Amino acid sequence: MSEPPDKGKHSNQLFFNTDATKTLKYYSQGPKYMVMSRINSNDSLMNVSPFLIKKVIDNVCGSEIENCKKLRNGTLLIKTKTVTQAANLIKLTSLNNFIEVNVTEHNSLNCSKGVFYSNDLREIPEEEILAELKHQNIIELKKILKKVNEELKETGLIIATFASPTLPDEIKIGYQIVHIRPYIPLPLRCRNCTRLGHTATHCKNSKLCVNCGLADYNCSKTNEKCLNEVTCINCKENLVSDYKHSAINRICPTFIKHKEIQAIITLQKTDRKTAHKIYTERHQNGNTSYAATIQSTNVNNANTKNDINTITKDLSPQPSSSRHLISYKDIVHTTSTANIISKINPIISNITSETNTTANLSHLSHITPDNKVKIFPTSISNRLKTQLKAKSKKNNKLKADIIVKKDNTSVRPNSESVKDPSMDCN
């Protein structure tokens with residue numbers, strides 16, 4: 001059974017002490033994150049009465065703070081509403097005569113990092129830039145370099161650390177206004193075991209090969225080059241199907257996952273556990289990971305050949321709906337061979353013109369894998385359809401005129417062959 005809070009040592013009595021000499025390291029407008037820990041004792045603040053903590057903090061700060069919660073290590077994470085509350089709280093040295101505490105500023109939550117580009121600052125030292133921009137709440141600067149021909153060169157990008165949880169939108173460099181975007185660091189990668197999430201300083205694992213993921217004594221090398229099959233230890237341990245790549249490859253699915261989680265932590269200012277939950281909710285529908293994308297791409301490529309006939313059927317020139325088709329009934333009711341030929345010739349010429357147009361455009365077409373079906377670009381296909389439609393309309397109009405003329409000729413009486421009955425009276 002756990003002991004009661006404060007072990008009965010005057011938990012509700014306010015005899016707190018302060019130290020007027022303690023001050024904040026950086027003053028900035030807005031909220032501040034403070035950390036309170038217990039000193040000169042083997043116990044932590046885990047068993048301290050929450051009523052005592054609230055009364056002391058509210059009295060020292062002068063008003064109620066925004067938030068306060070106990071962490072697993074027994075410390076308190078306090079978020080103040082103003083910098084004045086933080087300046088008063090940092091002077092607190094004890095909650096009562098038995099509980100001595102130390103209040104400090106949080107190392108990372110009180111700062112924000114951003115990236116900006118300035119070509120004019122390439123040859124200017126970082127110390128000089130920091131001295132000129134210090135009045136804009138910048139406490140640290142670091143230039144981003146890249147290696148070109150084994151030589152480090154400046155890129156014009158600079159990482160700026162601001163003494164405020166909120167990142168400004170822009171800063172002034174002389175008379176120039178430069179926009180700031182959030183800086184998202186890359187996931188931590190251990191140089192010892194090549195795993196993600198920690199550094200070699202805190203690594204307790206054995207050294208692994210970057211190429212094959214095996215221990216150094218199991219890795220066969222020639223001239224410091226690994227001869228084993230390429231394997232990513234991070235993807236293999238996380239049961240990712242696509243693990244045939246190096247552990248330091250930038251397209252590694254596990255690396256991309258950690259990179260997105262790091263972006264959630266930076267942009268939404270949340271802890272890693274909450275970021276993992278947000279990431280899981282985003283990707284719970286599947287087809288979002290690198291392996292799933294590659295797998296779906298392969299399936300689509302396999303189905304492309306099966307679907308290509310359907311696609312080209314819609315894109316290829318089709319018989320126009322306005323084209324006149326000769327049926328058996330038309331041929332039976334035709335009175336002469338000349339009429340049949342007159343109806344068939346326009347259709348034959350139309351089909352021939354379509355074939356010639358397709359042959360002329362063959363050099364612009366794309367030959368599909370089966371080397372039988374040709375797909376034309378959209379612009380050429382649309383133009384071809386327009387031309388075929390215009391020719392079809394023209395042919396239909398000519399055929400209609402011919403049919404009308406023939407009908408008129410068959411109905412009109414012939415003055416030479418047919419005589420008027422009134423003329424035969426004699």
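Miscellaneous remarks
- 3J(HN,Hα) along region 127-141: 5, 5, 5, 5, 5, 7, 9, 5, 6, 9, 6, 8, 10, 7, 9 Hz, from the Karplus curve 6.51 cos²θ - 1.76 cosθ + 1.60 with θ = phi - 60°, whole Hz, x for Gly and Pro.
- Sites K69 and N228 - FRET efficiency at Förster radius 41 Å, r taken between beta-carbons, to 0.05: 0.25
- Segment I39..I159, full-extension length gain: 39.6 nm, with 0.36 nm per residue of separation and the alpha-carbon distance subtracted.
- Only Lys, Arg (+1) and Asp, Glu (-1) charged, at Cβ; region 13-105 dipole about Cα centre in debye: 220 debye
- By the beta-carbon count within 10 Å of each Cβ, the least crowded to most crowded order of L52, L152, fewest first, is L152, L52.
- As a proxy for reagent exposure, K142, K79, K204 were ordered by neighbouring Cβ count within 10 angstrom, fewest first; the result is K204, K142, K79.
- Footprinting exposure proxy ranking of Y243, Y175, fewest other C-beta atoms within 10 angstrom first, gives Y175, Y243.
- Shape call, region 137-238: gyration tensor on alpha carbons, a/c limit 1.5: prolate
- FRET efficiency estimate (nearest 0.05) - Cβ-Cβ, K385 to A131, R0 60 angstrom: 0.30
- Farthest towards the positive end of the charge dipole of region 93-217, among the residues S206, P187, V148, is the Cα of S206, using unit charges on the Cβ of Lys, Arg, Asp and Glu.
- Inter-label distance for Y117 and E151, nm, one decimal - labels placed 7 Å from Cα along Cα-to-Cβ: 2.3 nm
- Size of electric dipole in region 112-182: Cβ of Lys, Arg +1 and of Asp, Glu -1, about Cα centre, debye, nearest 20: 260 debye
- For the pair region 73-114 / region 22-38, the C-alpha centres are spaced 6 Å from each other.
- Fully extended contour minus Cα-Cα distance, from K91 to T201, at 0.36 nm per residue: 36.2 nm
- With 32 Å as the limit, the listed pairs K147/K244; K221/K273; K113/K221 have K221/K273; K113/K221 beyond it between alpha carbons.
- Distance from region 254-280 to region 154-197 (C-alpha centre basis), Å: 17 Å
- Using the Karplus relation 6.51 cos²θ - 1.76 cosθ + 1.60 with θ = phi - 60°, the per-residue 3J(HN,Hα) values for region 55-60 come to 5, 5, 5, 5, 5, 5 Hz, with x marking Gly and Pro.
- Virtual spin-label span in nm between K259 and D19, 7 Å along Cα→Cβ: 4.5 nm
Values quoted throughout were computed directly from the atomic coordinates according to the rules given, and no laboratory measurement underlies them. Nothing here was measured: the structure is a model prediction, and the numbers come from that model. Positions of Cβ are generated from backbone atoms using ideal geometry, with glycine treated the same way; all protein chains shown enter the neighbour counts.
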